[in-house]
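What follows is a set of notes on a single structure, which appears directly below.
The values are calculated or read from the model by the stated rules, or taken from the named source; none is laboratory data. Since the model is a prediction, treat every value here as computed from it, not as a measurement. Here the Cβ is made from the backbone with ideal geometry for all residues, glycine too, and neighbour counts use every protein chain on show.
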Amino acid sequence: MGKAPVRGVLVVDDDADIRLLLEELLRGVGYAVTTAQNGREALRTFHENPTDLVVLDLSMPELDGFETLERLRDLSDVPVILLTARSGEIDKVRGFRAGADDYVVKPFGRQELLARIEALLRRAPHATHAQHYEDGALSIDYGRRLVLSRGLPVRLTPLEFRLLAALVEHAGNVLSPDQLVEHVWGHAAGVSRDQVKLYVSYVRRKLGQVGDGFEPIETVRGFGYRYVPPASEPAT
């Protein structure tokens, strides 16, 4: 058997010491590392040479981490870990809503960061057995990451897409918050039940924007959440 391909990580931070520290840390465990000192350079670098994961600092001049993340999401659903000295809940929520996959606060533990990177990289895509899902109300193109709800396009962040895909993959079955964390985030560190509830509400709201009372994600109080396809909806 041939060797597994080397996974690539793009490190984006305006602090040269942090870039060097992360480059040495990641190269030391076998990752191929590229670096960028600001958001514009990061976008140009990623466009020319896409990597498997991005570690992105939030506090950068000109194009900050939030803006860089939003533009990066126009290019790819690559896993992104935000790296920041700010630990406020508002910043975390803003980062996750913009499409971040994880959030690490400086100063960070090296082993913890490596574990989070490994968790994101080993997470298998959902529903790899199918390229397309359709049930009369919801249509998902997994390859192109496109979702239609009642025929209208729904714009989901990569994390929201994974959450919906996990629920659809187990349609009709209840997934607990812990199970959703495993499927969607790939690790439990720093992910609370309230955070799962928040993201379920984001997806539910986006699917329901088409109107007509379409609410396919059901909360089973005390247990978790399940996707209910139209054919499985109880008669009224």
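If you take the residues in segment 71-85 that are surrounded by 15 or more Cβ atoms within 10 Å (Cβ to Cβ) and within 20 Å of ARG19 (Cα to Cα), which one is farthest from the chain's Cα centre (by Cα)? Looking at residues that are surrounded by 15 or more Cβ atoms within 10 Å (Cβ to Cβ) and within 20 Å of ARG19 (Cα to Cα), I get THR84.
Those residues that are part of a loop (DSSP other than H, G, I, E, B) and either farther than 13 Å from SER201 by Cα or in contact with a Cys (Cβ under 7 Å, 6 or more places away or on another chain) (or both), I need them from segment 214-230; list them, please. Result: PHE214, ARG221, GLY222, PHE223, VAL228, PRO229. Being of a type in the set (Ser, Thr, Tyr) and within 29 Å of LEU198 (Cα to Cα), is that true of even one residue in segment 79-101? Yes - at least one qualifying residue is present in segment 79-101.
Residue check: is ARG204 among the basic types (Lys, Arg), modelled with pLDDT of 85 or more, assigned to a helix (DSSP H, G or I) and under 24 Å from ARG122 (Cβ atoms)?
Values: among the basic types (Lys, Arg): yes; modelled with pLDDT of 85 or more: yes; assigned to a helix (DSSP H, G or I): yes; under 24 Å from ARG122 (Cβ atoms): no.
No; evaluated as a whole, the condition is false for this residue.
TYR103 satisfies every condition listed in (1) in the same structural domain as ARG205 (by TED's automatic domain parsing); (2) within 18 Å of VAL181 (Cβ to Cβ); (3) of a type in the set (Ser, Thr, Tyr) except (1). Could you list all residues from segment 1-48 that are charged (D, E, K, R), closer than 21 Å to ARG116 by Cα, surrounded by fewer than 21 Cβ atoms within 10 Å (Cβ to Cβ) and touching a residue at least 24 places away in the same chain (Cβ under 8 Å)? Across segment 1-48, the qualifying residue is only ARG7. Evaluated against (1) without any contact (Cβ under 8 Å) to a residue 12 or more places away in the chain; (2) under 17 Å from VAL6 (Cα atoms), THR51 falls short on exactly one condition, (1).
List the pairs whose first member sits in segment 189-216 and is basic (Lys, Arg), whose second member is at pLDDT 70 or above and assigned to a helix (DSSP H, G or I), and whose Cβ atoms are under 8 Å apart, counting only residues at least 6 apart or on separate chains? As it stands, the answer is ARG193/PRO177; LYS197/PRO177; LYS206/GLU160, since those pairs meet every condition given. Output the qualifying pairs, or none if there are none: Cβ atoms under 6 angstrom, residues six or more apart or on different chains, first residue in segment 143-154 and free of Cβ contacts under 8 Å to residues at least 60 places away in the same chain, second residue surrounded by 15 or more Cβ atoms within 10 Å (Cβ to Cβ) and acidic (Asp, Glu). Close Cβ pairs satisfying both conditions: none exist.
When you go through LEU72, LEU82 one by one, which is the residue that is assigned by TED's automatic domain parsing to the domain that holds ALA42, part of a helix (DSSP H, G or I), under 23 Å from PHE46 (Cβ atoms) and not β-branched (Val, Ile, Thr)?
On the way: LEU82 fails: part of a helix (DSSP H, G or I).
Every option except LEU72 fails the conditions.
Looking only at segment 3-36, residues that are in a helix (DSSP H, G or I) and of a type in the set (D, E, K, R) come to 5 in all. Looking across segment 86-108, the residues that are part of a loop (DSSP other than H, G, I, E, B) and under 13 Å from the mean Cα position of the chain (by Cα) come down to ALA98, GLY99, ALA100, ASP101.
Can you confirm whether GLY95 is at pLDDT 85 or above and not assigned by TED's automatic domain parsing to the domain that holds GLU160?
Numbers: at pLDDT 85 or above: no; not assigned by TED's automatic domain parsing to the domain that holds GLU160: yes.
Criteria not met by GLY95.
Screening segment 168-181 for residues that are surrounded by 17 or more Cβ atoms within 10 Å (Cβ to Cβ) and assigned to a helix (DSSP H, G or I) and picking the one that is modelled with the lowest pLDDT gives VAL181.
The one condition from (1) touching a helix residue (DSSP H, G or I) at 6+ places or on another chain (Cβ under 6 Å); (2) surrounded by fewer than 21 Cβ atoms within 10 Å (Cβ to Cβ); (3) in a helix (DSSP H, G or I) that GLN111 does not meet is (1).
Checking the conditions here, which among GLY136, GLY143 is loosely packed, with under 15 Cβ neighbours inside 10 Å and under 18 Å from PRO229 (Cα atoms)?
On the way: GLY143 fails: under 18 Å from PRO229 (Cα atoms).
Only one candidate passes the filter, namely GLY136.
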